[in-house]
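Enquirer: This is the structure I want to talk about, given as structure tokens.
Just so it is clear, none of the values below were taken in a lab; they were calculated from the coordinates. Remember, predicted model here, so these are calculated numbers, not experimental data. Heads up, the Cβs are rebuilt from the backbone with ideal geometry, glycines too, and the neighbour counts pull from every protein chain shown.
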Amino acid sequence: MKKIFTLLVLAAVSLSGFAQAPLNSNDNIVFKKNPTIVYGNHLQSNYFNSRSVIWSDDFSNASNWNISSEVPNNQNWVIGTSGPSGGYAISPIQSTTASNGFAMFDSDGMTTTFANQIGDITTANSIDCSSHPGVLLKFQQYYRRFYDSTFVFVSTDNTNWTKISVNTGVAVNDFNADPDGDPNPATVIVNITPYAGGSATVWIRFQFYSPISLQPNASGWCYAWMIDDVSLEDAPANDMTTDNTWLGDGYTIYPTGQEQEVYFANIATNMGATDQTNVKLTATVSPGGFNDVSPAQDFTPASFDTLVVNTTFLPSGVGTYNVTYSTTGDQTDDNPADNTINKSFAVHAYQFARDNGMYDGGGMYNQYDEYTLANYYFVPNATQVGSLDVAFQENTSVGSTVIAHIYTWDGTDWVDQGTSDPYVISSADINTTNGAAHFVTINFQNLIPITDSSDVLAGIESFGGSDTVFIAASSYVQEANLSTIIYDPVATTPGWYNMAGMDVGFIRMNVNSHVGINDIKENTWSASVYPNPANEFSNLYFNLGSSSNVELTVYNSLGEIVFHQNLGTQTAGNHSLKLNSENFSSGIYNVTLQSSAERSVTKLVVAH
């Protein structure tokens, strides 16, 4: 079973999204395609505490809820204090009142094979919202997704229901849907004003939905969804939110000479009780002096739409660019804390990247089968690829072998343009601590030329069997469904498959051969630094294969030169010199030695 693996084949690669199977129900349902939801852990705490509570329930009295199953296998919600069970149990919810009971659909604990699962838990009695024109549903949750969906239903007659998706941003095997990580619990707020505002009889239902038809041989044996501390609260009159934001085509780093026009967009949602008029998105970039707005739109309560700024921004120069997204309208917002989101991207001397640079324990692999995981990059201008940087997740086996590949699209298929020598993974190569990811550079046998306007895959091949290789995965990266794909040679139909809805692999592509990469097929010299990490200084040792002029260059993490020295002509043999790192900021550096025929790159960590 591949429950713990993230490289499940989804659909033939087309660099587009993966669509779920249609939803089925015996109720009369109006389906809301996208949620009017705020995942609240990134918001200021006063967002949650400043509203009047209409109704609340902490699951201390199970009779307040009706439990039912829409399929005849009696796999249902339970109310209690025990957490999930089964072979892949997640932790119990750590909600505010978990000690007196919470609701749980323990998909994993109820079965050991794929089965139809559609479970409902519904308020036993109606809730009076007649004097409340604006209504928000709030609850705490802890959830891990496999091939299942989670919904909230709202009804005013206990017969006709409006269905609202929650957790739509959760990739297979990920937790919750909060942009700041995987909190336990996560707070979810849903604007149900159009369906409950002013009504004297309101029912609320939660549904765990995983019929086999949703994903054959994967649905109906999932993880768990736990909810607690449910409340209905007064919606503020005016509350526009800045939700999902787009930053170009999902790149976090562009190499110099390959910069692309960056566009700015967001999904704006009216979480308030009244209409919002002339709502605009303003995008500001610093440095760069960019500031522009989207066309204005009006929003009714609980409505959402995409706002796109009129113009694009072309970065110029190596460095980090900070972007501020702000959504405003004619009305004075009652909760300005959720109007603004800050993001950033960088221009590097030689590197393409899609990941966010932060390792959080996530990883991708294909069970114990052979596979190639690759990130997609568009290369607008002719260049050469010299190496890939890859981060390995902590479950990777020491001694496993990988090979780096570069593929280009010929209009029909992905064509392999070049490979590295086999690379054997050491214990020092594997990420074990959350934080800034540790990358390994794998050099290609030869520089690989890339022509103008090329579609490129930067891939890492694992051979399966005893070679267990997890590529570290970066969560919450925009356009994830355009970023990472897999070649599965042992699938029923071998070929490339997309990873739509999953995270982005830590695979970076290094271009512009004149900086930062090893561009020689036969590297007859070696270099090392000690101590490493360094504080005030480090000793650089190198062995030169033949007499040659040698230049020493040190690059920071953005590819900027922080130190350069021409060492003059050096004889063949062993050499050493002292490298002063006292004035370097703490961080990771590439120490490059370049002769007339050879190049060696060594990583140096400076820690003050």
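Enquirer: Let me have the relative contact order for the chain, percent, based on Cα pairs under 8 Å that are six or more residues apart.
Expert: Rounded, it is 13 percent for the chain.
Enquirer: Amide H neighbours of SER303 under 5 Å, at least 5 residues apart or on other chains, H built in the peptide plane: list them.
Expert: When sequence neighbours closer than 5 places are left aside, the close amide H contacts are ASN270.
Enquirer: Could I ask something else about it? Tell me which aspartates and glutamates have Cα within less than 16 Å of LYS163's Cα, excluding those fewer than 8 residues away on the same chain?
Expert: Here the aspartates and glutamates satisfying the reach criterion relative to LYS163 are ASP27, GLU70, ASP120, ASP148.
Enquirer: Would you kindly calculate the mean projected area, averaged across all directions, of the convex hull enclosing the Cα atoms of the chain, in square nanometres?
Expert: The directionally averaged projection comes out at 28.5 nm².
Enquirer: Can you list the residues, at least 5 places off or on another chain, whose amide H is less than 5 Å from the amide H of VAL135, using H built in the peptide plane?
Expert: Those lying under 5 Å, H to H, from VAL135 are ILE192, THR193, GLY197, ALA235.
Enquirer: If you average over every viewing direction, what projected area does the convex hull of the Cα atoms of region 547-608 give, in nm²?
Expert: Its Cα hull, projected and averaged over all orientations, spans 4.3 nm².
Enquirer: Can you give me the C-alpha center-to-center distance between region 94-120 and region 354-402, rounded to a whole angstrom?
Expert: 34
Enquirer: Suppose a student asked you for the relative contact order of region 353-511, using Cα pairs under 8 Å spaced at least 6 residues apart; what percent would you report?
Expert: Contact order relative to length: 41 percent.
Enquirer: Same structure, new question: So which aspartates and glutamates can LYS578 reach, going by Cα to Cα under 14 Å and dropping same-chain residues fewer than 8 places off?
Expert: Leaving aside aspartates and glutamates fewer than 8 places away in the same chain, those within reach of LYS578 are GLU536.
Enquirer: Taking every pair of alpha-carbon atoms in region 86-229, give the share separated by more than 24 Å as a whole percent.
Expert: Every Cα pair in region 86-229 considered, those over 24 Å come to 34 percent.
Enquirer: Beta carbons within 10 angstrom, averaged per residue: use that to sort the peptides 190-201, 528-539, highest first.
Expert: 190-201, 528-539
Enquirer: Then there's this: Taking the Cα centre of the chain as origin, sum charge times position over the Cβ atoms of Lys and Arg (+1) and Asp and Glu (-1), and report the length of that vector in debye to the nearest 20.
Expert: I would put it at about 480 debye.
Enquirer: Taking H placed 1.01 Å from N in the peptide plane, check which residues at least 5 places from GLY363 or on another chain put their amide H under 5 Å from its amide H.
Expert: Those qualifying (amide H under 5 Å, at least 5 residues apart or on another chain) are ALA473.
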